Amino acid sequence: MSQELFLASTPLHVLNSVAIASKTPDKSSCLWLIDQPDVTENPYFEVLQSWPDSPFTEVRISQGHIKGTRAKLQNRKKVFADIQSWVDRYQPDRVYTGNDRRIEFQYAMHCASQQKKPISAAYMDEGTFTYVGRKASGSFADSVVDNTLKKLTYGFWWKNPPTIGGSAWIDDVYAAFPDLIHPLLKQKQVLDLQSVYEGNSCVKSFCSYLYERLSGTVGNISGIQCVLTLPHESIIDRITGYKDAIQEVVKQLQYSGLEVGVKYHPRNNNPDILDVKNIKGFHLLPYKVPFEAILPLLPPDVLVIGDVSSTLINSRWLKPGARLISVANDEAPMYNEFAQLFSKIDVALTDAAQLVQLLSSLFETEK
């Protein structure tokens, strides 16, 4: 049986790994959580280990976010040794990653390339760089200075990606919107990621299990008709008129009679800055559960209101029938690139002051 290795550092990487691995039951798959700040009480690791429907034959975890140069070097040495040992033992045919800049991925590919058998690698869509690119990758600091330092530090096997997913290690790109990916990624073989999710009961099983374990409640959220996703409270305070507009939106949603879920940023100091927990029809969605894992549990035509970020990009392909509205913020990184992409994937972009009017028109149309 062929062996596949999935390297995941974010919740979306994990979800993509679940979707892809569940579609290849004839292959043995290992999911390796890399660059994790906590390896002793990591919620994703614990959930993946106990999840009864897991498509993975093994789940591993490696420490990251280490402070201090000496400690970082010692940790990196241990991680490299673990990767080398695993690759030597299982000799994988294929390695998946959501970020080919990760040193764990590149070292795994270096080790696997020493095998006598062929090795291939696939990049899994991470939501943003797949479409707008990573401008820093083409800078002198990245392409020359950082590239040279990494080759001297780790070895000449290091390959500097011209953008995320564009390194020479990558053969295939799993993309949610194949026609819209960055030109550099079109040089790879492009595979349709959305088709992997269609009718995938394993994805929904994982999301349900994760929701239950991280929120502490079983909770049926399939009846929620609208979700208001909010950025960090500092961003809300910085954008002129944002908080006032959102508060008016809350009133509009309350008047509409919709069942509304509110997803706050996990690092907010105030856990309910809009004070909605006591409003009839409003539900605070658990901040510990990533929104990507909540989306598959929502109705097909759910209305999602969010900011200028990958949240709405991911919402479009994880919930193709959803109605999506983004609150404009020209201070957001790569705002113009996001605006262009939003127009192509049917995400309405509106100023905070016009958001209430847009919702009012939407609700009037539905009556």
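The values are calculated or read from the model by the stated rules, or taken from the named source; none is laboratory data. Here the structure is a predicted model, which means the values were calculated and not measured. Virtual Cβ from ideal backbone geometry, glycine too; neighbours counted across all protein chains shown.
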### Task
Scan (1) touching a helix residue (DSSP H, G or I) at 6+ places or on another chain (Cβ under 8 Å); (2) touching a residue at least 40 places away in the same chain (Cβ under 8 Å) for the single condition P299 breaks and write down its number.
(1)
### When residues of segment 199-243 are limited to those that are under 22 Å from L303 (Cα atoms) and of a type in the set (F, W, Y), the one modelled with the highest pLDDT
Y211
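Report whether or not T130 is outside the structural domain of I294 (by TED's automatic domain parsing), part of a helix (DSSP H, G or I) and surrounded by fewer than 17 Cβ atoms within 10 Å (Cβ to Cβ).
No: the conditions fail for T130.
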### Task
Tally the residues that are touching an Asp or Glu at 6+ places or on another chain (Cβ under 7 Å) and buried (at least 24 other Cβ atoms within 10 Å of the Cβ), restricting the search to segment 17-33.
1
### Query
Among the residues of segment 197-220, how many are out of contact with any Phe, Trp or Tyr (no Cβ under 7 Å at 6 or more places or on another chain), outside any loop (DSSP other than H, G, I, E, B) and under 15 Å from S17 (Cα atoms)?
7
### Task
Scan Y154, Y174 and give me the residue that is hydroxyl-bearing (S, T, Y) and under 30 Å from Q340 (Cα atoms).
Y174
### Residues that are of a type in the set (D, E, K, R), modelled with pLDDT of 95 or more and part of a loop (DSSP other than H, G, I, E, B), drawn from segment 133-176
D171
#### Entry: Every residue from segment 53-74 that is touching a residue at least 12 places away in the same chain (Cβ under 8 Å) and of a type in the set (K, R)
R60
### Query
Can you name the residue in segment 114-127 that is at pLDDT below 95 and over 23 Å from G64 (Cα atoms) and, of all such residues, is surrounded by the fewest Cβ atoms within 10 Å (Cβ to Cβ)?
K116
### Query
What helices (runs of 4 or more DSSP H), lying completely within segment 263-367, carry at least 1 residues that are under 17 Å from the mean Cα position of the chain (by Cα)?
291-294, 310-318, 335-344
### Message
Pairs needed: first member in segment 186-210, closer than 18 Å to V289 by Cα; second member anywhere, of a type in the set (D, E, K, R); C-beta distance under 7 Å; at least 6 residues apart or different chains.
### Response
C202/D53; S205/D53
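Could you tell me which of the residues S22, S17, S28 is more than 22 Å from the chain's Cα centre (by Cα) and closer than 30 Å to S315 by Cα?
Values: S22 fails: more than 22 Å from the chain's Cα centre (by Cα); S17 fails: more than 22 Å from the chain's Cα centre (by Cα).
Result: S28 is the single residue among S22, S17, S28 that is more than 22 Å from the chain's Cα centre (by Cα) and closer than 30 Å to S315 by Cα.
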### Query
When segment 48-82 is examined, which residues are found to be within 19 Å of the chain's Cα centre (by Cα) and modelled with pLDDT under 95?
G64, H65
#### Entry: Selection status of L48, part of a helix (DSSP H, G or I), touching a residue at least 40 places away in the same chain (Cβ under 8 Å) and crowded, with 20+ Cβ neighbours inside 10 Å
no
### Query
Which residues, taken from segment 334-367, are without any contact (Cβ under 8 Å) to a residue 24 or more places away in the chain and farther than 28 Å from C207 by Cβ?
N336, Q340, S343, Q354, Q357, S361, E364, T365, K367
### Query
On the given criteria, is A8 out of contact with any Leu (no Cβ under 7 Å at 6 or more places or on another chain), surrounded by 16 or more Cβ atoms within 10 Å (Cβ to Cβ) and within 24 Å of S195 (Cβ to Cβ)?
no
### Task
Mind counting the residues in segment 308-367 that are exposed (fewer than 13 other Cβ atoms within 10 Å of the Cβ) and in contact with a strand residue (DSSP E or B) (Cβ under 6 Å, 6 or more places away or on another chain)?
0
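Restricting the search to segment 177-187, which residues are under 22 Å from S315 (Cα atoms) and in a helix (DSSP H, G or I)?
P178, D179, L180, L185
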### Task
Determine which member of the set I224, I235 is part of a helix (DSSP H, G or I), touching a residue at least 12 places away in the same chain (Cβ under 8 Å) and of a type in the set (V, I, T).
I235
### Task
Give the number of residues within segment 55-78 that are buried (at least 18 other Cβ atoms within 10 Å of the Cβ) and part of a helix (DSSP H, G or I).
1
### Message
Based on this model, can you work out whether L295 counts as surrounded by 20 or more Cβ atoms within 10 Å (Cβ to Cβ), touching a Phe, Trp or Tyr at 6+ places or on another chain (Cβ under 8 Å), closer than 21 Å to V327 by Cα and not acidic (D, E)?
### Response
no
### Query
Tally time: how many residues in segment 248-262 are without any contact (Cβ under 8 Å) to a residue 12 or more places away in the chain and not in a helix (DSSP H, G or I)?
0
